[in-house]
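Written below as structure tokens is the structure these notes are about.
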Amino acid sequence: MTPSDQSHRESERGPDAERTAGVTAKPGQAAGSGVERRDAERGVRPGGVTRPGGGRSRPAWRSLVFLAVALLLSVWASLSLGSSLLSPLEVWRALVDNAGGDPLVRVIVWELRLPRTLLAAMVGAALAMAGASFQALFRNALADPYVIGASSGAALGATLAMTLGWSVGMAGFGPLPLAAFLGALGAVLITLLLAEGAGGEAGSVASLLLAGTALGAMLSAAVSFLLVWRDQPWFQVFNWLLGSFSGRTWVHVAVGWPYLAVSALALWLASRPLDALAGGDAVAKSLGLAVRPARLAVIAAATLAVAVAVAVSGIIGFVGLIAPHAARRLFGAGHRRLLPASGLLGAILLVWADVGARTVLVPVEIPVGIVTALIGGPFFLVLLRQRGGRIA
Amino acid sequence: MRDRLTVRGLACGYGDRRILTDLSLDVGAGEVLALIGPNGSGKTTLLHTLAGLLVPQAGEVEWAGRSLLALARRERARAVALSPQRAEEAAWPLTVAEAVALGRAPHRGWFRPLTLEDDAVVERAMERLGVAALADRLLPSLSGGELRRVLLARALAQSPRVILLDEPASFLDLHYQAELLGIVRRLAAEEGVAVVLTLHDLTLVSAVADRVALLADGRLRAVGEPGRILSAEHLVPVFGPHLEVLAHPRSGGPLVLPRLPGVA
């Protein structure tokens, strides 16, 4: 709590208290029985506290628990599905019983499927939360986690690392993920600087979007140029660009989760500023929000999540676009509920996409990005059609 | 004496560009002041400066003798609420209750949860504006009139001393115009808030405003009661000759009507 917050709290007990009481009108009526009576009339269940800022009659928190259970079941299913089918019971035994059961099953569950499934869930959640944040920030339903250049930056980083034979790893990242991570961060940073230099109101929404788009095009061109010019075996880059959880291990999970947890928490803490920003800069400012710092903080948190996601799994499209859309339909746009809901939906989506990626063409595994695009594209179009092009 | 919003020697604009110069005004608690003037005369710029969106180039803005300019952003948002002209949140599916609850952010901060006291203020603001029944509706599903009332409810939930309304009546049917401006009048009187609003429809001015400020050419041309300012003498030099001022048959107040050139 900052000192000014503190003094504000105290001042409320002072002269301001009178003021607040004035607005609350007849004190007994406002806080007490009147509210409850109206709830009863409206069919809000008695005993439940009426929270204008919260869920009210939307059974939001129960739905979130439902989604969490659905995620657990999806993970469980993902552990039993694959090139060799395991029964749910076998999976359960391998998970809880360290000594007993088939050792081969234990290896499949613990060493092969569990890490990549957890990674898929983490990455899905991160991309979806970042997507939801960017959509609110840009007031644009088509914004995805890569909207300000993170994906093309990551692609260029990875391609450079491969063509130059870079082999330095750091902080648990292998050379290629590290290069992708740095590329993503670098691209977003350049986008921010370009947008600042573009004049107008510094850090404004439109200049960010335009700068991101322009930079993305340039970086993509650079990637193509590198691939053609050096005549590299581009298969490796290509495969990585499409996103995959193939061969991911506990190392990736261990490296990724702290970053993703921090950025998820930061984004969730920014829910109310995001609500205000979605109403436009004038509204946010007149509500006392420091708009530019808030926007930069959200961009930083979302970019960290996206850069780590790209580093561990490549570029996976559509999850960050679809999951927030679906979540807004189910939960509305209040970010306190929307962000957790988007995260859970994104996780579920990507876990199942990964299941698809490794089971559809057994024994060949297809990049998970192809699955998300194949499922996500039509899903998105249906959504668009049903809503007549509206945001949620 | 009642508290007043006092503007002295204000100069404002965007960056180095100056829109308004040497403007002095005051509005008392419970009073409604209408800003009128041709397009581009700086009505919105003035509102944005009063709301703290723009830093004034010169001059002073005070409430009850205390400078508003010196206040921190959030402190200022507890004193002054703005309902902007373009309602961008109309496209974003917050519920009405959530949108109004944002008005408590200047009091509660951006991270702490709202208290029951906040909830009561929000609840009352929604009832005051007649939108309590819409609490669970999503903003994009509202009509223009409902949305305006929701945004006004949010301004009221800020528990401010001053409410600034930018073209609250534009794009509304006659019915909703009358309803909304009626609410504005009553809010000012009953909550003791000073209201400053911009109106480009001059027929609405005398119905809602206690006083009128006429802006033109970057200056305050005249300020006073509607009966005095809404006269051909003041309006024609600013708006041109294509207007007519009649007396309202019942109230006797001024009615400003357009007179089409070339039509008898």
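The values are calculated or read from the model by the stated rules, or taken from the named source; none is laboratory data. If you're wondering where the values come from, they're calculated on a predicted model, not measured in any experiment. Here Cβ is always computed from backbone atoms with ideal geometry, including for glycine, and neighbour counts include all displayed protein chains.
Numbers at a glance
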| read-out | value |
| --- | --- |
| Residue in segment B:77-92 that is farthest from B:Leu142 (Cα to Cα), counting only those that are crowded, with 24+ Cβ neighbours inside 10 Å and in contact with a strand residue (DSSP E or B) (Cβ under 7 Å, 6 or more places away or on another chain) | B:Val80 |
| Enumeration of residues in segment A:263-273 that are at the interface with another protein chain (Cβ under 10 Å from one of its Cβ atoms) and either within 16 Å of the chain's Cα centre (by Cα) or closer than 12 Å to A:Val291 by Cβ (or both) | A:Leu269, A:Ala270, A:Ser271, A:Pro273 |
| From the options A:Arg272, A:Arg248, residue that is at pLDDT 85 or above and part of a helix (DSSP H, G or I) | A:Arg272 |
| Subset of segment B:181-209 that is within 19 Å of B:Ala247 (Cα to Cα) and within 13 Å of the chain's Cα centre (by Cα) - its residue that is surrounded by the most Cβ atoms within 10 Å (Cβ to Cβ) | B:Ala209 |
| Exclusive hit being within 17 Å of A:Ser286 (Cα to Cα), of a type in the set (Lys, Arg) and surrounded by 15 or more Cβ atoms within 10 Å (Cβ to Cβ), set B:Arg18, B:Arg74 | B:Arg74 |
| Condition broken by B:Leu102, with the remaining ones in (1) in a helix (DSSP H, G or I); (2) surrounded by fewer than 18 Cβ atoms within 10 Å (Cβ to Cβ); (3) hydrophobic (A, V, I, L, M, F, W, C) satisfied | (2) |
| Among residues of segment A:88-105, those that are of a type outside the set (Val, Ile, Thr) and under 31 Å from the mean Cα position of the chain (by Cα), counted | 4 |
| Lone unmet requirement of (1) touching a strand residue (DSSP E or B) at 6+ places or on another chain (Cβ under 9 Å); (2) over 27 Å from B:Leu5 (Cβ atoms); (3) facing chain A (nearest Cβ under 8 Å) for B:Pro113 | (1) |
| Cβ pairs under 7 Å, 6+ apart, first in segment A:96-114 and under 19 Å from A:Arg358 (Cα atoms), second surrounded by 12 or more Cβ atoms within 10 Å (Cβ to Cβ) and β-branched (Val, Ile, Thr) | A:Val109/A:Val91 |
| Residue match in segment B:38-55 (condition: farther than 25 Å from B:Val238 by Cα and more than 10 Å from every other protein chain (Cβ to nearest Cβ)) | yes |
| Test: residue in segment B:122-130 that is out of contact with any helix residue (DSSP H, G or I) (no Cβ under 8 Å at 6 or more places or on another chain), facing another protein chain (nearest Cβ under 10 Å), modelled with pLDDT of 90 or more and in a helix (DSSP H, G or I) | yes |
| Residue identified as within 28 Å of B:Lys43 (Cβ to Cβ) and in contact (Cβ under 8 Å) with a residue 12 or more places away in the chain among B:Ala81, B:Ala70, B:Ala101 | B:Ala81 |
| Yes/no for B:Leu35 being surrounded by 24 or more Cβ atoms within 10 Å (Cβ to Cβ), more than 9 Å from every other protein chain (Cβ to nearest Cβ) and outside any helix (DSSP H, G or I) | yes |
